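What follows is a set of notes on a single structure, which appears directly below.
The values are calculated or read from the model by the stated rules, or taken from the named source; none is laboratory data. Bear in mind that the values here come from a model prediction, so they are computed numbers and not experimental data. Positions of Cβ are generated from backbone atoms using ideal geometry, with glycine treated the same way; all protein chains shown enter the neighbour counts. Accessible surface is based on the protein model in full, side chains and every heavy atom, while ligands, DNA and RNA are left aside. Shrake-Rupley method; radii C 1.70, N 1.55, O 1.52, S 1.80 Å.
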Amino acid sequence: MMAGAAEDVRTLFGAAIRAALEAWPALQIAVENGFGGVHTQEKAEWLGGAVEDYFIANVDLALEEIEDFLGELMTTEFDTVVEDGSLPQVSQELQTMFQHFQKGDGAALQEMTSNINQKKCKVTATPLKTAKETGVDEEDVDSVEEMEVTATNDGTTTDVVCPQPQPSDPDPQTIKEEDIVEDGWTIVRRKK
């Protein structure tokens, strides 16, 4: 393969990786909600290059190694644990892209990128109404706050409900009346 053709395939490989990551709902939600801090968008852009470099530096990667790498990046950079089953799918897709890159098959990389861009959907996460907001007794509701995730593609919408941890409030039964002082403050005591 000539140097110019190799650079073209490398560029196509990078573009395919970025398309796959941009279409990944777990990453979309993390970026949209700023889970990576003030530099979330920059981290998302950096992620494509980091994944590309990882493949170039490690020629014979097993699927589990790719999953571990992506999972670690999502955890450390976006404070996100991916538990929706998408990590193996994205890893497999990236591994297939790398195999096309190794063969110098730019046409296959272009086709994969095109397919991803056609199937890409916008994912949004919005908190569902709590029991207090809906007037339902809290005892009748599970102790997990949920977020509604909506994916849209070509005008079609699908809804998926994902459980989210509920913020921990002090248990009202463990607060004693003598711990509440006149100005509304509550004295917090260590458990013994």
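Quick notes
- Filtering the stretch 73-83 to residues that are surrounded by fewer than 17 Cβ atoms within 10 Å (Cβ to Cβ) and either over 10 Å from the mean Cα position of the chain (by Cα) or of a type in the set (Asp, Glu) (or both) leaves Thr76, Asp79, Glu83.
- The set of residues from the stretch 32-52 being more than 24 Å from Asn115 (Cβ to Cβ) and open to solvent by 60 Å² or more (accessible area, probe 1.4 Å) comprises Asn33, Phe35, Val38, His39, Gln41, Glu42, Trp46.
- Test result for Leu70, crowded, with 20+ Cβ neighbours inside 10 Å and under 22 Å from Lys119 (Cβ atoms): yes
- Meets criteria (farther than 20 Å from Ile116 by Cβ and aliphatic (A, V, I, L, M)) for Ile29: no
- Subset of the stretch 11-26 [open to solvent by less than 10 Å² (accessible area, probe 1.4 Å) and not in a loop (DSSP other than H, G, I, E, B)]: Phe13, Gly14, Ala16, Ile17, Ala19, Ala20, Leu21
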